[in-house]
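Q: This structure is in structure tokens; I'll ask about it shortly.
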Amino acid sequence: MVGKVLVIEDDRNIAELLRLYLEKEGFLVQIAADGAVGVTEAATFKPNIVILDIMLPTLDGFGVCREIRRTSHVPIIMLTAKGETFDKVTGLELGADDYMVKPFEPKELIARIHAVMRRYGEHPEDLEKRLSFDKLLINLDSYELLVDGHKIDTPPKELELLYHLAASPNRVYTRNQLLDEVWGFDYFGDSRTVDVHVKRLREKLEGVSTQWNLKTVWGVGYKFEVVGA
């Protein structure tokens, strides 16, 4: 068995199709047919990854994502029938790791699940991964972000992005470089993913120090700017 998947989907045909494909891949699958049940199952089933539809009874997918993120960093892939940019960006801003537009090929979803799970498991524990700046500590050993001595709740991918930028101060990265180097070559998203994660990081880091800054290089990408480095 390669892990546990929670599918929060009210369309029984889609849910059972996903169960069939996932169990064939060796996953243990739990299905929740509405949002409120999905939140409860996420806490009790403790999945390795969540497949989350947006249009759900009781509590929609955005609400479910928000509730799960209060207590867990479990990877979340959102499903949307609309394919609109608003849905995608909203999901990412709430902490989703990826999204797919219905209708989709189950095999592609399986590939994305494996890709996300690989990204979450690619951190050797024998390497110290800590970076320290004025009023800032980025610790990938414990996946903690300390800002002015206070622990800030930060999803894993945000922390990895910040660490990657800060590990090479003043180096400019394009969005595509960050997608390749932080999300991995097998990521299926687009450059808006980087923008959303940078926006969330800025909300947590704004005004903390005058010695460093998460800066946009217009027309190119982003850099972690350090004064005097």
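The values are calculated or read from the model by the stated rules, or taken from the named source; none is laboratory data. Here the structure is a predicted model, which means the values were calculated and not measured. When we count neighbours, we look across all protein chains shown, and the Cβ atoms used for this are built from the backbone with ideal geometry, even at glycine. These area figures cover heavy atoms from the full protein model, side chains too; ligands, DNA and RNA do not enter into them. Shrake-Rupley method; radii C 1.70, N 1.55, O 1.52, S 1.80 Å.
Q: Limited to the range 145-159, what total is found for residues that are farther than 20 Å from residue 66 by Cα and among the acidic types (Asp, Glu)?
A: Number satisfying all stated conditions: 1.
Q: Now, a different point. In the range 195-216, which residues are farther than 26 Å from residue 112 by Cα and either modelled with pLDDT under 90 or open to solvent by 40 Å² or more (accessible area, probe 1.4 Å) (or both)?
A: 202, 203, 204, 206, 207, 210, 211, 213, 215
Q: Do any strands (runs of 3 or more DSSP E) lying entirely in the range 7-107 carry at least 2 residues that are closer than 21 Å to residue 201 by Cα, and which ones are they?
A: Once the strands (runs of 3 or more DSSP E) in the range 7-107 are filtered for at least 2 residues that are closer than 21 Å to residue 201 by Cα, what remains is 76-80, 98-101.
Q: Just give me the residues in the range 195-229 being among the aromatic types (Phe, Trp, Tyr) and in a loop (DSSP other than H, G, I, E, B), in sequence order. So that I can check it myself, show each step before the final result.
A: We begin by selecting, within the range 195-229, every residue among the aromatic types (Phe, Trp, Tyr); these are 212, 218, 222, 224.
Result: 218, single match.
Q: Under 7 Å by Cβ, and 6 or more places apart or on different chains, what pairs join a residue from the range 141-154 that is outside any strand (DSSP E or B) with one that is surrounded by fewer than 15 Cβ atoms within 10 Å (Cβ to Cβ)?
A: Close Cβ pairs (under 7 Å, with a partner that is surrounded by fewer than 15 Cβ atoms within 10 Å (Cβ to Cβ)) amount to 141/128; 141/130.
Q: Being outside any loop (DSSP other than H, G, I, E, B) and surrounded by 17 or more Cβ atoms within 10 Å (Cβ to Cβ) is the filter here; which residues of the range 168-194 pass it?
A: 173, 175, 178, 179, 182, 183, 193, 194 - these are the residues of the range 168-194 that are outside any loop (DSSP other than H, G, I, E, B) and surrounded by 17 or more Cβ atoms within 10 Å (Cβ to Cβ).
Q: A further question on this structure: Condition test on residue 15, is it open to solvent by less than 30 Å² (accessible area, probe 1.4 Å), small (Gly, Ala, Ser) and touching a residue at least 24 places away in the same chain (Cβ under 8 Å)?
A: No; evaluated as a whole, the condition is false for this residue.
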